[in-house]
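Heads up: the structure comes next, in structure tokens.
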Amino acid sequence: MDVRQNTAAWKRVVDVASSAGRPVALPSAGAACLEDVGADGLGVSLITGGRIRTVAYAADDRSYRLEDAQLVAGEGPCTAAYRQRSVVEVEVHSSSGQWPVFVRTAGELGIRSVVAVPLLVGNGVPVGAMDLYHTTRAVLSEADLSRIEAYARVLALLALDAHPALIGWEQAAPEEGPVGYPPIVHQAAGAASEASRVPVADALARMRAHAFSNRRLLEDVARDILAGRLRLEEDRDTPPG
């Protein structure tokens, strides 16, 4: 750990929070990091058991859509950084065949590179990841990476403060695939399961397929189901590959 960078990151977060009259929390830390490192977007997703649970913070709508794309697909730089417990730097190329849902969304939104950093607490236990989005190719020096990792340590602690349930160390072993989602998604999956007379897992797969095929946020699909505006039994989408 670079103590100097860590101290500087905390000071920056406190200054940003104070100047905005806000508490020191995920939004002020995300804003401080984004401004300091010069990225074009930033998102934080929290993960347990290797599976994305929720988008905890997004700097803007574009960042939220990028985080949501990873939630829909259950894969992307966020989960890669979490599983590897290390920084993941990737350039967005549709020809790579990697993370098709995320890559398509990133390309449509003008994102060309991503730096994903795991949020580690305690003895290197991951609780999520921070994604920095760039509209051009990001070339980072060792000093840049050290500064970014310092912000990730700040965000990890603030994530625990906001979501104490993350302190479930037994859930920290990395696994593949999406399971956990925000409560509204689980509620909608249950409602769709009952309406369509299919298992909840199948209803959730249909929801993800609809979000993918129609380029929508998964939570918006959930809201439409709960409001009666969308009936998945009448939908013919298939889950994304």
Could you work out the Rg to Rh ratio of the chain, with Rh taken as the Kirkwood radius (inverse of the mean 1/r over all Cα pairs)?
-> 0.98
Accessible area expressed per residue, region 1-101, with surrounding protein chains retained (probe 1.4 Å, Å²) = 43 Å²
Considering only DSSP beta bridges where both residues belong to the chain, give the percentage that are antiparallel (nearest 5).
-> 100 percent
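Going highest first, how would you order 203-212, 100-109 by mean Cβ packing within 10 Å?
Values: 203-212: 23.0, 100-109: 19.4.
Order by mean packing, descending: 203-212, 100-109.
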In the chain, with Lys and Arg counted as +1 and Asp and Glu as -1 at Cβ, which of these residues, 188, 16, 41, has the Cα nearest the positive end of the dipole, that is, farthest along it?
-> 188
Determine one quarter of the surface area of the Cα convex hull of region 78-117, which equals its mean projected area, and express it in nm² to one decimal.
-> 2.6 nm²
Whole-Hz Karplus ³J(HN,Hα) for region 77-88, in order, using 6.51 cos²θ - 1.76 cosθ + 1.60 and θ = phi - 60°, x for Gly and Pro?
-> x, 4, 5, 5, 5, 4, 5, 7, 6, 8, 5, 10
For residue 76, what charge total do you get from the other residues with a beta carbon under 10 Å from its beta carbon, if Lys and Arg give +1 and Asp and Glu give -1?
-> -3
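What length, rounded to one decimal in nm, is gained on full extension from residue 214 through to residue 60, with 0.36 nm per residue of separation minus their alpha-carbon distance? The partial results should precede the final answer.
Values: separation 154, 0.36 × 154 = 55.44 nm, distance 2.10 nm.
Residue separation times 0.36 nm, minus the Cα-Cα distance, leaves 53.3 nm.
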Classify region 98-141: rounded, prolate or oblate, from the alpha-carbon gyration tensor (a ≥ b ≥ c, eigenvalue square roots; a/c under 1.5 rounded; otherwise prolate if a/b is larger than b/c)?
-> oblate
Between residue 25 and residue 4, what FRET efficiency comes out of the Förster formula 1/(1 + (r/R0)^6) with R0 = 30 Å and r the beta carbon distance, rounded to 0.05?
-> 0.80
Quick one: what Rg and Dmax do you get for region 1-133 from the alpha carbons, in Å?
-> 14.6, 45
Cα extents of region 40-93 along the principal axes, largest first, in whole Å, come to 26, 24, 17
How big is the charge dipole of region 11-165 about its Cα centre, in debye rounded to the nearest 20, if each Lys and Arg gets +1 on its Cβ and each Asp and Glu gets -1 on its Cβ?
-> 300 debye
Taking protein heavy atoms only, a 1.4 Å probe, and rounding to whole percent, the accessible area of the chain owed to carbon and sulfur comes out at 50 percent
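The values are calculated or read from the model by the stated rules, or taken from the named source; none is laboratory data. Fair warning: this is a prediction, and the values are worked out from it, not measured in the lab. In this analysis, Cβ positions are derived from the backbone assuming ideal geometry, glycine residues included, and neighbour counts consider all displayed protein chains. Side chains included, ligands, DNA and RNA excluded: accessible areas come from the protein's heavy atoms. Shrake-Rupley method; radii C 1.70, N 1.55, O 1.52, S 1.80 Å.
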